Amino acid sequence: MNKTLLAGLILTFLIIAASLLGRFAAPHDLSEHLGVDYSVDENGEGTLTVPPSPPTADYPFGTDKYGYDLMAKMLAGSKYTIIGAIAVAFGRLFIGGIIGLLLGYYGSDKPSRMGRLPIWNVLSGFPVFVIVWMIMIGITMNPAASPLLMTVILVVVLTLVGLPSVASVIKEKTMIIREKQFVLSAKSIGAGQWTIVRTHVFPHLKESFAVMFVQEIVLTLALFGQMAIFNIFVGGTKMFFDPAEYNSRTNEWSGLIGQARDQLFYYQWLLFIPLAAYILFILGFHLISVGLEKQYRQRFSKVSHL
């Protein structure tokens with residue numbers, strides 16, 4: 001295991017462990033909130049405490065303007081960020097991988113009459129964010145559905161719009177593998193099509209699936225961030241009027257970042273603390289992806305993968 005992969009695994013494990021177990025050690029839960037308080041010390045000096053409070057010993061991450069602990073909010077919303085990104089990546093790889101395998105193994109490599117761009121390549125060129133925005137903008141504001149159902153809907157949408165790119169990559173790799181000598185030899189001795197796909201083609205794609213799975217998590221997290229800029233949050237958006245305000249219903253990390261971007265010049269901790277955690281989370285998976293690529297490259301440069 002190379003250092004890059006090890007660093008990525010450690011960083012990702014620590015963040016996930018802190019997100020899942022941190023609530024048991026957190027000083028406050030999501031039901032508590034800091035109110036307006038006036039205290040007098042032994043010297044007779046008074047201190048007025050008004051939310052939002054910056055990070056203190058009692059509130060390590062500070063509070064929002066309603067007095068709720070930012071650490072408690074991040075811990076409560078982490079499961080939506082983590083599970084949502086992993087679910088999208090898994091769905092894309094599972095469905096898109098099957099489609100790509102079938103198209104790559106049974107499909108033709110000859111150009112179509114319409115040109116040299118297959119339909120999957122054309123579909124993969126559409127900007128994913130624009131498609132997701134057009135679908136979600138009408139249903140994400142003050143939805144009647146529960147946060148869990150809204151998260152499931154978003155996961156399904158993101159999975160479907162990401163299928164063409166995954167299928168296109170797997171198709172190209174499968175078409176290369178099906179022309180290898182060991183596949184042609186298996187065909188010549190009468191091996192069935194399913195047997196060839198299961199025992200010869202798929203084993204040579206396992207490494208590609210592993211790397212693509214981690215890369216899709218990174219892409220999904222980046223897409224969460226892009227949507228948050230336009231107030232589309234995982235689990236739905238609470239929209240208030242007079243003044244206009246957009247809040248995350250689930251307190252997931254990209255939503256906390258999106259709703260706090262207006263506080264950059266006033267209450268910086270509301271933006272920078274979730275943003276730092278989000279960047280570290282993305283960095284962890286990116287390091288895993290790069291580390292896996294290095295490991296597989298080193299392994300297959302020494303031994304022929306036949």
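The values are calculated or read from the model by the stated rules, or taken from the named source; none is laboratory data. Everything numeric in this text was worked out from a predicted model, so none of it was measured. Note that we place each Cβ from the backbone using ideal geometry, even for glycine, and neighbour counts take in every protein chain shown.
Filtering the stretch 133-147 to residues that are under 13 Å from residue 233 (Cα atoms), hydrophobic (A, V, I, L, M, F, W, C) and touching a residue at least 40 places away in the same chain (Cβ under 8 Å) leaves 133, 136, 137, 141. For the stretch 150-184, the candidate set comprises residues that are surrounded by fewer than 15 Cβ atoms within 10 Å (Cβ to Cβ) and of a type in the set (A, V, I, L, M); within that set, the residue that is farthest from residue 129 (Cα to Cα) is 184. Here residue 52 fulfils each of the conditions (1) under 15 Å from residue 277 (Cα atoms); (2) touching a strand residue (DSSP E or B) at 6+ places or on another chain (Cβ under 8 Å) apart from (1). Scanning the stretch 198-254 for residues that are basic (Lys, Arg) and in contact (Cβ under 8 Å) with a residue 12 or more places away in the chain returns 238, 249. For the stretch 15-28, the count of residues that are in a helix (DSSP H, G or I), charged (D, E, K, R), at pLDDT below 80 and surrounded by 15 or more Cβ atoms within 10 Å (Cβ to Cβ) is at least one.
Restricting attention to the stretch 88-101, the residues that are within 28 Å of residue 258 (Cα to Cα) and surrounded by fewer than 19 Cβ atoms within 10 Å (Cβ to Cβ) total 1. Here is the figure for the stretch 136-149: residues that are surrounded by fewer than 23 Cβ atoms within 10 Å (Cβ to Cβ) and either hydroxyl-bearing (Ser, Thr, Tyr) or in a helix (DSSP H, G or I) (or both) total 5. The lone criterion from (1) surrounded by 15 or more Cβ atoms within 10 Å (Cβ to Cβ); (2) in contact (Cβ under 8 Å) with a residue 40 or more places away in the chain; (3) under 26 Å from residue 264 (Cβ atoms) left unmet by residue 51 is number (2).
Condition check: in a helix (DSSP H, G or I) and modelled with pLDDT under 90. Does residue 93 satisfy that? Judged against the criteria, residue 93 is not a match.
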